[in-house]
Amino acid sequence: DMSDTHDADLTLKLREHRREPGMRESHSAINRLFWPASADDVMAVLKSDNPLNAAFRQVSGYWEMAYGMARHGIVHAEYLVENNTEGLFFFARVQPYVESIRAISATPVLVSTQWVAEETAIGRSLFAAFRARVEKALASRAP
């Protein structure tokens, strides 16, 4: 039940991958520009001609891969989440619309990310805080 050097090594490798220029650019674009206030906002970004489509797919795929390692026991879940919280911030923005995304997708979407948000103690705590932050931000943007 304790994390070990294997967990630390995988977490560091994920961090290194996150720093690659293309990944950094995608994460930055999503964090700055993607603040869906409706299912329609999410559906728009899922269209291949949307300027944020590639970034959305890259970011969501990255977090699914990372959190999938936790869900499948490859890396200590609590340790990984404690050191990789941005995926929960991303999920806090799309969670209200995740069923809409899944309805049009040919593959399961954000299953591991949702698992981390619901099934790990730190994930539940962070997700709740991020959801509150997202709700506040969206309220301040509303006309």
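The values are calculated or read from the model by the stated rules, or taken from the named source; none is laboratory data. Keep in mind that this is a model prediction, so the values were computed, not measured. Here Cβ is always computed from backbone atoms with ideal geometry, including for glycine, and neighbour counts include all displayed protein chains. Accessible surface is based on the protein model in full, side chains and every heavy atom, while ligands, DNA and RNA are left aside. Shrake-Rupley method; radii C 1.70, N 1.55, O 1.52, S 1.80 Å.
Before I look further, what does the chain give for accessible area per residue, probe 1.4 Å, in whole square angstrom?
Roughly 55 Å² per residue, with all protein chains present.
Between R15 and E86, what is 0.36 nm times their sequence separation minus the Cα-Cα distance? Round to one decimal in nm. Write out the running numbers ahead of the final one.
Values: separation 71, 0.36 × 71 = 25.56 nm, distance 1.13 nm.
Gain in length upon complete extension: 24.4 nm.
Rounded to the nearest 500 deg cm²/dmol, what is the calculated helix-only ellipticity per residue at 222 nm for the chain, with -39500 (n - 2.57) per DSSP H run of length n ≥ 4? Spell out each step's value before the answer.
Values: 9 runs with 106 residues, N = 143.
About -23000 deg cm²/dmol.
Over the chain, calculate the relative contact order: mean separation of alpha carbon pairs under 8 Å at least 6 apart, over the residue count, as a percent.
That works out to 25 percent.
Taking 1 over the mean of 1/r across every pair of different Cα atoms in segment 20-77, what Kirkwood radius in Å do you get?
Hydrodynamic radius (Kirkwood, Cα only) of segment 20-77 equals 12.4 Å.
Which ³J(HN,Hα) values in Hz, rounded to whole numbers, follow from the phi angles of segment 128-136 under the Karplus curve 6.51 cos²θ - 1.76 cosθ + 1.60, where θ = phi - 60° and Gly and Pro get x?
4, 5, 5, 4, 4, 5, 5, 4, 5
Semi-axes, largest first, in whole Å: what does sqrt of 5 times each Cα gyration tensor eigenvalue give for the chain?
Output for the chain: semi-axes of 25, 17, 15 Å.
GNM, the chain, Cα, under 10 Å: largest mean-square fluctuation among V59, V94, V111?
Of the options given, V111 has the highest mean-square fluctuation.
In debye to the nearest 20, how big a dipole does segment 1-129 give about its Cα centre with +1 on each Lys and Arg Cβ and -1 on each Asp and Glu Cβ?
380 debye
Would you mind pulling out the separation of the Cα centroids of segment 23-52 and segment 80-104, in Å?
Using only Cα atoms, the two centres lie 13 Å from each other.
Would you calculate the separation in nanometres between label points at M43 and E25, each defined as 7 Å from the Cα along the Cα-to-beta-carbon direction?
According to this spin-label approximation, the distance is 3.0 nm.
Once label points are set 7 Å from the Cα along Cα→Cβ at both I104 and R133, what is their separation, rounded to one decimal in nm?
2.8 nm
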